[in-house]
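Let me begin by presenting the structure, written as structure tokens, before commenting on it.
The values are calculated or read from the model by the stated rules, or taken from the named source; none is laboratory data. What you see is a predicted model; the values in this text were computed from it and never measured. Here the Cβ positions follow ideal geometry from the backbone for every residue, glycine too, while neighbour counts run over all protein chains shown. Side chains are part of the model used for accessible areas, which takes the heavy atoms of the whole protein and leaves out ligands, DNA and RNA. Shrake-Rupley method; radii C 1.70, N 1.55, O 1.52, S 1.80 Å.
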Amino acid sequence: MQLDERIDRLTMQRYANPKAFIAIADRVIPWLKVLTGLAFVGGLYLALFQAPADYQQSETVRIMFVHVPTATMSMMVFAIMTTSSIVALIWGHRVADLFARASAPIGAAFTFIALFSGSFWGRPMWGTWWEWGDARLVSELILLFIYFGYMGIWQTIDDPIKAAKAARITAIVGAVNLPIIKFSVDWWNTLHQPASLVRMDGPAIHESLLWPLFAMWAAFGLFYVTMALIGTKIEILRFQSRARAMRQTEGV
Amino acid sequence: MTRKQQRTWFLVGGVGVLALATVLILGALGDSLVYFYSPTELTEKAIDPGAQIRVGGLVEEGSVEKGEGLDVSFVVTDLNESVTVNYNGLLPDLFREGQGVVAEGSFLTDGQFHATKVLAKHDEKYMPKEVADALKEQGKWKADETLIDDSVKKYGIDDSGTNKGYGE
Amino acid sequence: MENLSTFLAMDGYGTFIWPVYGVALTLCGVIWIARSYTLRSLERAQKDEDQAT
């Protein structure tokens, strides 16, 4: 056996093994559920009661506490799906495919919430629900369609091996949209404001508005991890019961 | 080569081609991805009267004049060049002097810009009112720099970060 | 009571703020309940199958 293959076995096999995955998931899911719930309670309290009104936007700044975490998570989730798909493509790991599959609906939900909250902020502040000419807005909408396409592949292709192959390629090709979304506000003039947190002079958000934002980030982030683990376990169990049913009908 | 190595090279090659294609497509789309032009860009471009365009910049301090009914005019500037905008309609809540704005419409033959839509542009700053007031008092207030022309940014901003001849 | 209505009004922006929180929490809640329910029924089905064999 070649050395690199041996290393693969040691590091990857453990997580690729569905039994090991379920054992770990079963241990952490109850805790993650509690943490997610607490983060949402704390985050909502800070966002709705503690955060001050903004000097320009008044109370509508509270929309940012939903918009910014879901918008960044919508890209982050897709990046995780792409990574997972690359792992599945190179090492051929089933669980990595199923993890990407379980992530997609949550990423799509985040994308929808980001678009919806952006629109409801844009109407009173910018003076428009939607602008087709804005590169940030349109590239985020394209992300939603890519999520739908990815989910559609798993739904429409019956053979799980073929579906996984098509889904991996979609997740890898779809990733080209991520830098476009992220840097659209720097590359082109947009109505959408540039990044507030990751910038040369440090964050342009005052502390009193930063903590509620971080708390909501934690809440949506934990929500994603929890739901992705539950979703992956669901996919594994479905896969196993399907395999069992096939074995029974073939009488093996 | 093992199968795994083959797959890896296939992946690297595929991603490389994809990235190149994306860069070429985005480069070809060029200007159509730009949402608005600055007043400086507009004077360089010499836009025909009647052509639909968007101009973006800062609302010049003290330039807003309300006319009859919903008539309003104001000057959009990037501190290098400026454009006078005439508009009849409701202004968004964020529309303020010294803040970003995008006006959609066309130039009339007399060189004035007639807007059919005015949108406010928000910068990346978020803070409570007291903090903003304190910054203004200390003279540390900065206008939205993304809307200021590069030529002015080089010469017009002093060490403290405030714009000479601009602001409060 | 007056405090509550001022809070809900959100300086006149309540009609924009509350739908955002409503949609976000409803969507997350639906995913949470649907996934927990699906997992429980799958686990139950698996247990039944294990006992049958």
| Under the Karplus relation 6.51 cos²θ - 1.76 cosθ + 1.60, θ = phi - 60°, what is the ordered set of whole-Hz ³J(HN,Hα) values for region A:23-35, x standing for Gly and Pro? | 4, 5, 4, 4, 6, 8, 4, x, 5, 4, 4, 4, 4
| Which entries in the list A:182/B:125; B:45/B:121; A:182/B:121; B:121/B:142; A:165/B:4 go over 21 Å, if you measure between the two C-alpha atoms of each? | B:45/B:121
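Go ahead and estimate [θ] at 222 nm for chain A from helices alone: -39,500 (n - 2.57) per DSSP H run with n ≥ 4, summed, over the residue count, rounded to 500. Spell out each step's value before the answer.
On the way: 8 runs with 197 residues, N = 252.
When only DSSP H runs of four or more count, the value is -27500 deg cm²/dmol.
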| request: Just tell me which aspartates and glutamates come within less than 17 Å, Cα to Cα, of residue A:19; anything on the same chain fewer than 8 places away is out. | output: A:97, A:235, C:43, C:50
| query | HN-Hα J couplings of region C:14-24 from phi, Karplus 6.51/-1.76/1.60, θ = phi - 60°, integer Hz, Gly and Pro as x? | reply | x, 5, 9, 6, 5, x, 4, 5, x, 5, 4
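Roughly how compact is region B:35-137, stated as its Cα Rg over 2.2 N^0.38 Å to two decimals?
Its radius of gyration relative to the 2.2 N^0.38 Å reference: 1.12.
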| said: Given Cβ point charges of +1 (Lys, Arg) and -1 (Asp, Glu) and nothing else, what value in debye, to the nearest 20, does the dipole of region B:58-145 about its Cα centre take? | reply: 220
| request: Kindly rank C:15-22, A:67-74 from highest to lowest mean number of other beta carbons found within 10 Å of each residue. | output: A:67-74, C:15-22
| request: Work out from phi, with θ = phi - 60° and the Karplus expression 6.51 cos²θ - 1.76 cosθ + 1.60, the ³J(HN,Hα) of each residue of region A:172-181, listed in order in whole Hz, and give x for Gly and Pro. | output: 6, 5, x, 5, 4, 6, 4, x, 5, 4
| query | With charges only on Cβ, +1 for K and R and -1 for D and E, what is the dipole size of the protein assembly as shown about its Cα centre, in debye, rounded to 20? | reply | 3340
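Quantify how strongly other chains surround peptide A:192-204 by giving the mean number of their Cβ atoms within 10 Å of each of its Cβ atoms.
Working: counts 3, 9, 5, 1, 4, 1, 0, 1, 0, 3, 0, 3, 6.
That average works out to 3.
Estimate the FRET efficiency between residue A:148 and residue B:65 by the formula 1/(1 + (r/R0)^6), using the beta-carbon distance for r and 60 Å for R0, to the nearest 0.05.
Numbers: r = 48 Å, r/R0 = 0.81.
Given R0 = 60 Å and the Cβ-Cβ separation, E is 0.80.
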| query | Considering protein heavy atoms only and a 1.4 Å probe radius, which residues within region A:87-135 exhibit an accessible-area decrease of no less than 50 Å² in the full assembly relative to the chain by itself? | reply | A:89, A:90, A:113, A:116, A:120, A:124, A:125, A:126, A:131, A:133
| note | region A:21-244 accessible area per residue, 1.4 Å probe, protein heavy atoms, integer Å², reads 39
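C plus A alone minus the pair: what accessible area, both sides summed, probe 1.4 Å, in Å² to 100?
Working: alone 5250 and 14580 Å², together 16740 Å².
That pair hides around 3100 Å² of surface in total.
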| message | Show me, bin by bin at 5 Å from 0, the whole-percent P(r) of chain A based on Cα pairs. | response | 1, 6, 11, 15, 16, 15, 13, 9, 7, 4, 2, 1, 1, 0, 0
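Suppose every Lys and Arg Cβ carries +1 and every Asp and Glu Cβ carries -1, with no other charges. What dipole size does chain A come out with about its Cα centre, to the nearest 20 debye? Each step should come with its number before you reach the end.
On the way: 21 positive and 17 negative charges, 208 e Å.
For chain A, the charge dipole is close to 1000 debye.
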| field | Signed unit charges on C-beta, dipole axis of chain B, positive-most listed residue B:148, B:85, B:113 | value | B:148
| task | Pop the C-beta distance of residue A:129 and residue B:10 into the FRET formula with R0 = 51 Å and round what comes out to the nearest 0.05. | result | 0.70
| remark: For peptide B:114-120, the mean count of other chain Cβ atoms within 10 Å per residue Cβ is 3
| request: Please compute how much accessible surface disappears when A pairs with B, both sides summed, using a 1.4 Å probe, and round it to the nearest 100 Å². | output: 3800
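Over all distinct Cα pairs, what is the inverse of the mean 1/r for the protein assembly as shown, reported as the Kirkwood hydrodynamic radius in Å? It would help to have the intermediate numbers written out before the result.
Working: mean 1/r = 0.0395 Å⁻¹.
Radius from the Kirkwood sum: 25.3 Å.
Averaged across A:225-232, how many Cβ atoms of other chains sit within 10 Å of each residue's Cβ atom?
3
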| task | Report the label-to-label distance for residue A:195 and residue A:248 in nanometres (one decimal), using points 7 Å from each Cα along the Cα→Cβ vector. | result | 5.3
| note | Sorted by chain and then number, the residues having a modelled amide H within less than 5 Å of the amide H of residue B:141, at least 5 places away or on another chain, are none
| task | List the extent of the Cα atoms of region A:43-109 along each of their three principal axes, largest first, rounded to whole Å. | result | 52, 20, 14
| query | Put +1 on the Cβ of every Lys and Arg and -1 on every Asp and Glu Cβ in chain B; which of B:102, B:64, B:19 then has its Cα farthest towards the positive end of the dipole? | reply | B:19
| field | Sequence-distant lysines (8 or more away, or on other chains) whose Cα lies within less than 18 Å of residue B:66 | value | B:117
| note | For chain C, the Kirkwood Rh over every pair of distinct alpha carbons, in Å, works out to 14.4
| request: Work from the charge dipole of region A:88-204 (Cβ charges, +1 for Lys and Arg, -1 for Asp and Glu, about the Cα centre) and give the residue of A:148, A:88, A:190 farthest towards its positive end. | output: A:88
| When the label point is put 7 Å from the Cα of residue B:151 along its Cα-to-beta-carbon vector, which residues of region B:43-67 have a backbone N closer than 14 Å? | B:43-46
